[in-house]
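The values are calculated or read from the model by the stated rules, or taken from the named source; none is laboratory data. Quantities reported herein were computed from a predicted structural model and do not represent experimental measurements. Here the Cβ is made from the backbone with ideal geometry for all residues, glycine too, and neighbour counts use every protein chain on show. Keep in mind that these areas ignore ligands, DNA and RNA; they rest on the heavy atoms of the full protein, side chains included. Shrake-Rupley method; radii C 1.70, N 1.55, O 1.52, S 1.80 Å.
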Amino acid sequence: MKYRSEMTVTDDTTAVRYDSGALPVFSTPAMLALMEGASWHMVKNATGQDTVGTLVNIEHLKACKVGTKVWADAELTAIDGRKLSFNVTAYDDKGVIGKGYHERFIVDPARFMGKL
(Lines give C-alpha, C1' and ligand atoms only; values in the text may rest on other atoms or scores of the structure.)
Protein backbone atom coordinates (compact mmCIF):
# COMPACT_ATOMS: atom_id res chain seq x y z
CA MET A 1 0.00 0.00 0.00
CA LYS A 2 1.06 3.58 -0.62
CA TYR A 3 -0.20 6.96 0.55
CA ARG A 4 0.78 10.60 -0.13
CA SER A 5 0.46 13.61 2.18
CA GLU A 6 0.99 17.13 0.82
CA MET A 7 1.52 20.59 2.25
CA THR A 8 3.06 23.98 1.52
CA VAL A 9 6.00 25.14 3.63
CA THR A 10 4.89 28.01 5.88
CA ASP A 11 6.53 30.10 8.57
CA ASP A 12 5.01 27.66 11.08
CA THR A 13 6.91 24.70 9.59
CA THR A 14 10.37 26.30 9.44
CA ALA A 15 13.42 25.43 11.51
CA VAL A 16 13.14 28.82 13.20
CA ARG A 17 9.61 28.03 14.44
CA TYR A 18 10.49 24.51 15.58
CA ASP A 19 13.62 25.82 17.33
CA SER A 20 15.66 23.31 15.35
CA GLY A 21 17.76 25.88 13.49
CA ALA A 22 18.17 29.55 12.68
CA LEU A 23 17.09 29.58 9.04
CA PRO A 24 13.58 30.03 7.62
CA VAL A 25 13.58 26.69 5.74
CA PHE A 26 11.41 23.57 5.99
CA SER A 27 12.36 21.95 9.30
CA THR A 28 13.36 18.35 9.79
CA PRO A 29 10.65 17.92 12.48
CA ALA A 30 8.00 19.17 10.03
CA MET A 31 9.28 16.84 7.30
CA LEU A 32 9.16 13.96 9.77
CA ALA A 33 5.57 14.86 10.72
CA LEU A 34 4.61 14.87 7.04
CA MET A 35 6.17 11.40 6.61
CA GLU A 36 4.52 10.04 9.77
CA GLY A 37 1.21 11.55 8.71
CA ALA A 38 1.34 9.76 5.38
CA SER A 39 1.97 6.46 7.17
CA TRP A 40 -0.75 7.04 9.78
CA HIS A 41 -3.37 8.17 7.22
CA MET A 42 -2.63 5.15 5.00
CA VAL A 43 -3.47 2.68 7.75
CA LYS A 44 -6.38 4.67 9.18
CA ASN A 45 -8.01 5.16 5.77
CA ALA A 46 -7.49 1.55 4.65
CA THR A 47 -8.38 -0.28 7.87
CA GLY A 48 -9.86 2.19 10.36
CA GLN A 49 -7.19 1.13 12.85
CA ASP A 50 -5.16 3.53 14.97
CA THR A 51 -1.39 3.38 15.10
CA VAL A 52 1.42 5.03 17.03
CA GLY A 53 4.88 5.79 15.72
CA THR A 54 7.70 3.94 17.45
CA LEU A 55 10.81 4.30 15.30
CA VAL A 56 12.12 6.75 12.72
CA ASN A 57 15.38 6.81 10.77
CA ILE A 58 15.37 9.60 8.17
CA GLU A 59 17.77 11.78 6.22
CA HIS A 60 16.90 15.41 5.41
CA LEU A 61 18.73 15.91 2.12
CA LYS A 62 17.62 19.29 0.75
CA ALA A 63 16.33 22.60 2.11
CA CYS A 64 13.05 24.17 0.96
CA LYS A 65 11.98 27.78 1.38
CA VAL A 66 8.63 29.09 2.58
CA GLY A 67 5.99 28.74 -0.15
CA THR A 68 7.38 25.49 -1.56
CA LYS A 69 4.89 22.64 -2.13
CA VAL A 70 6.20 19.45 -0.51
CA TRP A 71 4.79 15.96 -0.20
CA ALA A 72 5.67 12.66 1.42
CA ASP A 73 4.99 9.17 0.14
CA ALA A 74 4.72 6.27 2.57
CA GLU A 75 4.92 2.69 1.37
CA LEU A 76 3.98 -0.19 3.66
CA THR A 77 6.79 -2.72 3.30
CA ALA A 78 6.17 -5.27 6.07
CA ILE A 79 3.60 -6.42 8.61
CA ASP A 80 4.77 -8.37 11.66
CA GLY A 81 1.82 -8.85 13.99
CA ARG A 82 0.91 -5.33 15.12
CA LYS A 83 4.21 -3.83 13.85
CA LEU A 84 4.06 -2.04 10.50
CA SER A 85 7.16 -1.00 8.56
CA PHE A 86 7.27 1.81 5.99
CA ASN A 87 9.67 3.37 3.54
CA VAL A 88 9.07 7.12 3.52
CA THR A 89 10.24 9.70 0.99
CA ALA A 90 9.67 13.46 0.89
CA TYR A 91 9.78 15.57 -2.27
CA ASP A 92 9.50 19.05 -3.68
CA ASP A 93 9.03 19.88 -7.36
CA LYS A 94 12.78 19.41 -7.97
CA GLY A 95 13.06 15.92 -6.46
CA VAL A 96 13.77 14.06 -3.25
CA ILE A 97 14.30 16.21 -0.14
CA GLY A 98 14.29 13.41 2.45
CA LYS A 99 13.98 9.66 2.83
CA GLY A 100 14.03 6.96 5.42
CA TYR A 101 12.37 4.19 7.39
CA HIS A 102 9.47 4.35 9.85
CA GLU A 103 7.72 1.85 12.14
CA ARG A 104 4.25 2.07 13.69
CA PHE A 105 2.26 -0.24 15.95
CA ILE A 106 -1.48 -0.90 15.72
CA VAL A 107 -3.16 0.03 19.00
CA ASP A 108 -6.59 0.02 20.58
CA PRO A 109 -6.99 3.71 21.58
CA ALA A 110 -8.98 3.11 24.79
CA ARG A 111 -6.63 0.37 25.98
CA PHE A 112 -3.55 2.38 25.02
CA MET A 113 -4.72 5.52 26.83
CA GLY A 114 -5.85 3.45 29.83
CA LYS A 115 -2.26 2.31 30.38
CA LEU A 116 -0.91 5.86 30.68
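Per residue, the chain exposes 58 Å² of accessible surface when a 1.4 Å probe is rolled over the protein heavy atoms with every protein chain present.
For region 3-93, trypsin sites (Lys or Arg not before Pro) meeting the loop criterion (DSSP other than H, G, I, E, B) and having at most 13 other Cβ atoms within 10 Å: ARG82. What's the local net charge at CYS64, with K and R +1, D and E -1, over the other residues with C-beta under 11 Å away? Its environment carries a net charge of +2. With helices as the sole contributors, the chain gives -7500 deg cm²/dmol at 222 nm; each DSSP H run of n ≥ 4 counts as -39500 (n - 2.57), and the sum is divided by every residue. Once R0 is set to 30 Å, what does the formula 1/(1 + (r/R0)^6) return for the Cβ-Cβ distance between ASP93 and GLN49, expressed as a FRET efficiency to the nearest 0.05? The formula returns an efficiency of 0.35 here.
Across region 73-82, computed HN-Hα scalar couplings (Karplus, 6.51 cos²θ - 1.76 cosθ + 1.60, θ = phi - 60°) run 9, 10, 10, 6, 10, 7, 10, 10, x, 8 Hz from first to last residue, x flagging Gly and Pro. Would you please classify the overall shape of region 52-116 from the alpha carbon gyration tensor, given that a ≥ b ≥ c denote the square roots of the eigenvalues, rounded means a/c under 1.5, and beyond that prolate means a/b larger than b/c while oblate covers the rest? Verdict is prolate for region 52-116. Once both axes come from the Cα atoms, what is the angle between helix 28-47 and the longest principal axis of the chain, in degrees from 0 to 90, rounded to 10? Result, in degrees: 40.
A cut-off under 13 angstrom between Cβ atoms defines the neighbours of TYR18, and their net charge, with Lys, Arg +1 and Asp, Glu -1, is -2. Using a probe radius of 1.4 angstrom, the carbon and sulfur fraction of the accessible surface of the chain is 53%. Maximal additional length on extending the LYS2-SER85 stretch stands at 28.7 nm, based on 0.36 nm per residue less the C-alpha distance.
If R0 equals 25 Å, the separation of the Cβ atoms of TRP71 and PHE112 corresponds to a calculated FRET efficiency of about 0.30.
The fraction of Cα-Cα pairs per 10 angstrom bin, counted from 0 for the chain, comes to 15, 43, 29, 13, 1 percent, rounded to whole percents.
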